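The values are calculated or read from the model by the stated rules, or taken from the named source; none is laboratory data. All values reported here derive from a predicted model rather than from experimental measurement. Using ideal geometry, Cβ is built from the backbone for each residue, glycine included, and neighbour counts are taken over all protein chains shown.
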Amino acid sequence: MYEVNETHDPNLQSWVESANDPNTDFPIQNLPFCIFASAKNSDMPRVGIPIGDKVIDLWGCYGSGLIEAETRAAAAAGSESTLNKLAGEKSSYTALRRRLSKLLSTDASDADRKILGEHMVEAAECSMFVPSSIGDYTDFYCSIYHATNVGSMFRPDNPLMPNYKYIPIGYHGRASSIVVSGTDVRRPHGQNRSDAEKPPVFIPCKNLDYEMELGFFVGKGNEMGEPIDIANAEDHIFGVCLVNDWSARDIQAWEYQPLGPFLSKSFATTISPYVVTMEALAPFRTPAFERDADDPQPLEYLNDEQNQKFGGLDINLEVYIQTEKMRNENIEPHMLSRSNPKDLYWTIGQMLTHHASNGCNLQTGDLMASGTVSGKEKNECGCLLELTWRGTEPIDLPSGEQRRFLEDGDEVIMKGYCERDGFRRIGLGTCRGRILPAGV
């Protein structure tokens, strides 16, 4: 795991003034990666580094004389249209972070500022793309509060399955339908059997939902047949993003027996465009989830002292909704919930280790997600299924509307940020998507 270093200094200021705004997601202490395009760069997707309200063109910096030898491998990946090549260069992108931190600080020379400034564009003028070429996508089910809530709806006497506290539960998702924040999502069709006395019908989803999740990208992969030790798990994690695992609950309720999610999830998954590196998150590590005294400890292959002490992540996750009526009446998005992945029963290191424990070959750019991040309180539930208790407790909105599940025109907006005394606030950006009516 990364240690706190000079790049995390809360007193570090940037000559890019917008990066010093206390509310920005992208101060000099963050320096995430993204794939962007702008007219200034011939609209060719390439690697960018957000700073305040600007984006640095990494490829433009490559030949400028600003990039030192140990950072050149990372900078050379700047011309790529995905982050895959960069993600596999851990030592180089770590050196790049230190170099950029110096170049962007108020101590930078006027000459360096001028050169770097020539390779910056306004973020508002950029198009953003899915940051990696995602060969495989795995979604976990790692919030014990979410699992308990959902289990209580369907199995009140036995909400958690016997394996839950022993194994990070997951399923193989659909990589081809992962879209970047801002992409509209069309309501899916599917089989619905809400009336148990009649055969199912094929209709548009009635109970459309979101799921607030934390995603993470694989950096260095592993060879097929070679597991990843829990002590080394985070050497294989590039960084994190926000994930909205859109869910068609009525389709899911019928199809999941006995193999789990399929068409109820594969129609769309939205992710934020920014990858916040594990190094940037170093000040915001927490102990792994504190298990009840009578809970089993992780099996040996999932148990590591460092992971238990620092495997958790303290990230504030917020979900907002803005309906069509709210937009028309200029009503600001309404917060639905706030949760935190420090409450996950399994750490991201344990998720990755378990995934590779049978010799499964993870590959650079693969995406994994935590599953719905929920806390123990009602306002910490990470989806409408929980917040409305399967639609029986509708939510009142400031527009006078109610919601049990999502309706056409609704936009879901997710945000993530880290705050801790003695450190600078950093953010993960936003993950947003609007629901379009079902097709014919």
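Miscellaneous remarks
- Meets criteria (closer than 22 Å to Ile348 by Cα and either buried (at least 16 other Cβ atoms within 10 Å of the Cβ) or at pLDDT below 95 (or both)) for Ile315: yes
- When every residue of the stretch 366-373 is checked against the conditions, at least one turns out to be within 30 Å of Ala77 (Cβ to Cβ), in the same structural domain as His189 (by TED's automatic domain parsing), of a type in the set (Asp, Glu) and in a loop (DSSP other than H, G, I, E, B).
- Check on Thr372, farther than 21 Å from Glu332 by Cβ and surrounded by 18 or more Cβ atoms within 10 Å (Cβ to Cβ): yes
- Top-ranked residue of the stretch 324-343 - restricted to ones that are among the polar types (S, T, N, Q) and more than 26 Å from the chain's Cα centre (by Cα), ranked as farthest from Val240 (Cα to Cα): Asn328
- Considering the conditions (1) surrounded by fewer than 17 Cβ atoms within 10 Å (Cβ to Cβ); (2) in the same structural domain as Ser247 (by TED's automatic domain parsing); (3) part of a loop (DSSP other than H, G, I, E, B), Pro168 is excluded by exactly one of them, (1).
- Check on Ala293, buried (at least 19 other Cβ atoms within 10 Å of the Cβ) and hydrophobic (A, V, I, L, M, F, W, C): no
- Exactly one residue out of Glu324, Glu386, Glu318, Glu380 is of a type in the set (Asp, Glu), out of contact with any Phe, Trp or Tyr (no Cβ under 7 Å at 6 or more places or on another chain), in contact (Cβ under 8 Å) with a residue 24 or more places away in the chain and closer than 30 Å to Asn11 by Cα: that is Glu318.
- Count of the stretch 250-294 residues which are without any contact (Cβ under 8 Å) to a residue 24 or more places away in the chain and hydroxyl-bearing (Ser, Thr, Tyr): 1
- For the stretch 393-437, residues that are in contact with an Asp or Glu (Cβ under 8 Å, 6 or more places away or on another chain) and of a type in the set (A, V, I, L, M) total 6.
- Residue within the stretch 142-158 that is closer than 17 Å to Asn41 by Cβ, within 28 Å of the chain's Cα centre (by Cα) and in contact (Cβ under 8 Å) with a residue 24 or more places away in the chain present: no
Residue-wise test of (1) free of Cβ contacts under 8 Å to residues at least 60 places away in the same chain; (2) buried (at least 22 other Cβ atoms within 10 Å of the Cβ); (3) in a helix (DSSP H, G or I).
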| site | (1), (2), (3) |
| --- | --- |
| Ser101 | no, no, yes |
| Asp107 | yes, no, no |
| Asp112 | yes, no, yes |
| Ile115 | yes, no, yes |
| Ala124 | no, no, yes |
| Pro131 | no, yes, no |
| Thr138 | no, no, no |
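- Members of the stretch 423-440 that are touching a residue at least 12 places away in the same chain (Cβ under 8 Å), outside any strand (DSSP E or B) and either over 18 Å from the mean Cα position of the chain (by Cα) or at positive phi (or both): Phe423, Arg424, Pro437, Ala438, Gly439
- When Asp250 is tested against (1) out of contact with any strand residue (DSSP E or B) (no Cβ under 9 Å at 6 or more places or on another chain); (2) surrounded by 14 or more Cβ atoms within 10 Å (Cβ to Cβ), exactly one condition is not met: (1).
- Among the candidates Leu242, Leu259, residue that is buried (at least 24 other Cβ atoms within 10 Å of the Cβ), assigned by TED's automatic domain parsing to the domain that holds Cys431 and of a type outside the set (S, T, N, Q): Leu242
- Residue check for Arg420: surrounded by fewer than 17 Cβ atoms within 10 Å (Cβ to Cβ), in contact (Cβ under 8 Å) with a residue 40 or more places away in the chain and of a type in the set (Lys, Arg): yes
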